[in-house]
Structure formats: C-alpha cells, structure tokens
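Undergrad: This is the structure I want to talk about, given as structure tokens.
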Amino acid sequence: MNGLHGIVFSYEQRNDLKELTEIRSAASIPFGGRYRAIDFSLSNLVNAGCTDVGVVLHGRYQSLLDHLGTGKNWDLSRKRGGLKILPPFAFRQAWGEQAAFRGKMEALSGVRSYLSEIRQDYVALMEGDLVVNLPLSDILEQHIKSGADITAVCGNDSFRVENGTYFQMDDAGRVTDVLYHLNTPRGYRSLEVYILSKELLWNLVDECASHDLTSWRRDVLQSRCETLNIRGWIWGGFAAQIRSVREYYDRSMQILDPTIRKELFCPERPIRAKSADKSSAYIAPSGRCLNSLVADGCSIAGTVENSILFPGVVVEDGTCVRNCVLFKETAVREGAQLAHIIADKNVEVTPGCMMIGQASYPLVISKGSKV
C-alpha cells in the first residue's frame, strides 16, 4: 500500500492541557510509559505502507523536533521522501501583528510547494495527538472501493469529547451533516483522520486560499457536505485524543486494562517509538509493584499500584505511589505519598511529601519542579 501519503498536524497547545503543554505541543506529550502521542499517528501510517510523511508544525515544537530526529525510529529516514518537517509560518493580521496559521487549510496553503511534490495518489490527514491503532490500509481500500471523495474515520458512541466534530450519516454511510460546538453531542465523533485524493486536496487548498478560507472543518466538511461524497468509516476500538488533563489521565489509566492494551499494541500493527537506551527496570526486595506499567531504567524500592512509570523513574523505600503517571527521570524520595498525580519530567518529590489528587481532578506537577 505505497499509494498513501501522510500529513500530520501538530498544534501548539490545547488550552485544557495546562502544565503538560508548557514546554511542548500536544503531539509531543508522553503516553503509555514509553511513547509520545505522535508515535501512534506515525506508526499507523508506516503500518499501512506509507513511506512519505509530512509533519506540519505550529508552535512550541522543539521537544517534538528532538523526538522525531531523522525519522529513523519509524523507518522514515530516506534519501527520497521519508519524514519531512514542515516549519510553521506566520500571516500578518490587519493591525500588523503576526500569528501562526489559523486552520488546516491555511497551513496546507502555506506548504503548497510541498503538496505539489507528493508522489502518491492518496493523502491521509491526521492529528498528532490521536492515540489509536487503525488499519489504515483497510480504510484506504474501502475508500477506493466506495468511490468517496473523502473518507472520515469516526469513533463509536463511547468516543465523545467536548468541542469535537460530529457526523450524521445515512444508512449507506454517507455523511449528511457536519456538526460541532454541540452542548449535547450526537452522531459519530470524528477521529480527525481523513483520506482523499491528492488532486482533490490540491483543488480544495487552492480554492480556500483564493477565498481566504482557513478551516478544514467549517470551510470544507461543513460547507461542501452536500456537494462532496463524504463517507464515514466507523472504528469501534480504543481511541483517545489528548485534549485535556482529565482526558489524558483517564485514557492513561484505561491502558492498564490488558484487553485495551492488547488492542492498542497489537503485534500485527506495532507502535514504533524512540528507544530510551536504559537498562532493565529493577524492583528491590522491599519493592511492591501491582497492575502497573514500568519502563526501562526504573528503580522501585517502595510501593507502586495502578500507575504508569516512564524510563528512569526512582521510587525509594517507604514511598507509596498509587494511580499516578510519572514521566521520565522523576524521583519520589523516601516516605513520600502520591495518589492521582501526573508528574512531568525531572520532578523530585522530597522525603515525606504527601500529594493527593482525585480521579476526577488529577494534580499536575510541572517539569523540573521540586515539591
């Protein structure tokens, strides 16, 4: 399936992610013990035979650049094609200020020269903060067979978030209405994964640019719903879009379920990631670890329950860590007590410290903090 080209959008910040996006974009948020959110989009594309991927940057992208490198970890380091980083550009507003692009269509117009060099017949548009393992090759095949102009991947009724895009579809699977900003969501929630031909993409980009239209959702999907043959492809498995601290925490806790973990990390479609280059995790005789994901390089001498530990986390003797997500190189010193905490990289929890959040309101500790 080398007829598919991938374009991944990395937005600067989701307002509800707070401390998690102080230093990074949403696509660069660590997830699942050893991954970044964008690893899933890249792996989905590579597993479908995609050899060319463009990543459209927006802002706060240094962390993402460090993670992506040359694309070698996803088999995208190539002399021709492979991974291409498309830097952000600025447009000048009427009063003279500059800002990053206002929507996907404006972003694509800004990289029109890149689009003109796409070698494949079809393009997949994805967002970098989507955590899912999709059979993209099957979706592309269905797109071609159906004769659709655009195929939109949707989640089932269990996948609902605020401020999302929702599709109303008829019995044949054709989208009849596109809705967003709903107080009461209805229809099928978009996963923000779309497949269309490169010729149609070129035409849409040129038309939107000539009319100063910037939004994919409003100016393409909604305004052209009746004229374009937009069809939905419903995904009934696990999917998460990292849009808020609460959603990040809830989805992280869900992958402690072996059934969901088996689905998300299925061997038929492996999720590739940057290697941590750490030694094996160590659990001391005094250590106790239950129902947790523990990455390489961790050292556990205390109690860890229902938690996710990224590489290099240290849990000293006499500590108790429950229902937490601890990012890389976090150290929990002797006698500390943590529950419902998300700790960013290089956090140090001092001896005897007690921090208790709630499942409905997890506490976030910023990178490099000492508490």
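Undergrad: Got a sec? Which of Gly33, Gly81, Gly69 is closer than 28 Å to Leu309 by Cβ and over 16 Å from the mean Cα position of the chain (by Cα)?
TA: Matching residue, one of Gly33, Gly81, Gly69: Gly69.
Undergrad: When segment 217-229 is examined, which residues are found to be buried (at least 20 other Cβ atoms within 10 Å of the Cβ) and either assigned to a loop (DSSP other than H, G, I, E, B) or touching a Ser or Thr at 6+ places or on another chain (Cβ under 8 Å) (or both)?
TA: Passing the criteria: only Leu221.
Undergrad: I've got another one for you. Any idea which residue in segment 39-72 is surrounded by the fewest Cβ atoms within 10 Å (Cβ to Cβ), counting only those that are touching a Ser or Thr at 6+ places or on another chain (Cβ under 7 Å), of a type outside the set (Gly, Ala, Ser) and assigned to a helix (DSSP H, G or I)?
TA: Here the answer is His67.
Undergrad: Would you please name the residue that is modelled with the highest pLDDT, looking only at residues in segment 9-20 that are out of contact with any Leu (no Cβ under 9 Å at 6 or more places or on another chain) and surrounded by fewer than 24 Cβ atoms within 10 Å (Cβ to Cβ)?
TA: Per the criteria, the residue is Glu19.
Undergrad: Taking the conditions exactly as written (under 27 Å from Gly69 (Cβ atoms), within 21 Å of the chain's Cα centre (by Cα) and surrounded by fewer than 16 Cβ atoms within 10 Å (Cβ to Cβ)), does Ser275 satisfy them or not?
TA: Answer is yes for this residue.
Undergrad: Filter segment 329-344 down to residues that are without any contact (Cβ under 8 Å) to a residue 40 or more places away in the chain and outside any strand (DSSP E or B) and give me whichever is surrounded by the most Cβ atoms within 10 Å (Cβ to Cβ).
TA: Thr330
Yes/no matrix, rows are residues, columns are (1) part of a loop (DSSP other than H, G, I, E, B); (2) touching a strand residue (DSSP E or B) at 6+ places or on another chain (Cβ under 9 Å); (3) hydrophobic (A, V, I, L, M, F, W, C); (4) at pLDDT below 95:
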{"site": "Ile234", "(1), (2), (3), (4)": "no, yes, yes, yes"}
{"site": "Gly237", "(1), (2), (3), (4)": "yes, yes, no, yes"}
{"site": "Glu247", "(1), (2), (3), (4)": "no, yes, no, yes"}
{"site": "Leu256", "(1), (2), (3), (4)": "yes, yes, yes, no"}
{"site": "Glu263", "(1), (2), (3), (4)": "no, no, no, yes"}
{"site": "Cys266", "(1), (2), (3), (4)": "yes, no, yes, yes"}
{"site": "Lys274", "(1), (2), (3), (4)": "yes, yes, no, yes"}
{"site": "Ser279", "(1), (2), (3), (4)": "yes, no, no, yes"}
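Undergrad: Would you mind listing the strands (runs of 3 or more DSSP E) fully within segment 163-211 where at least 1 residues are assigned by TED's automatic domain parsing to the domain that holds Asn133, of a type in the set (A, V, I, L, M) and modelled with pLDDT of 95 or more?
TA: Output list reads 188-197.
Undergrad: Being surrounded by 21 or more Cβ atoms within 10 Å (Cβ to Cβ) and charged (D, E, K, R) is the filter here; which residues of segment 100-126 pass it?
TA: Passing the criteria: Lys104, Glu106.
Undergrad: Further question: Given the options Tyr166, Tyr180, Tyr194, name the one that is hydroxyl-bearing (Ser, Thr, Tyr) and surrounded by 21 or more Cβ atoms within 10 Å (Cβ to Cβ).
TA: The conditions single out Tyr194.
The values are calculated or read from the model by the stated rules, or taken from the named source; none is laboratory data. What you are looking at is a predicted structure, and each value in this text was computed from that prediction instead of being measured. Quick reminder, even Gly has a Cβ in these numbers, built from the backbone with ideal geometry, and neighbours come from all protein chains shown.
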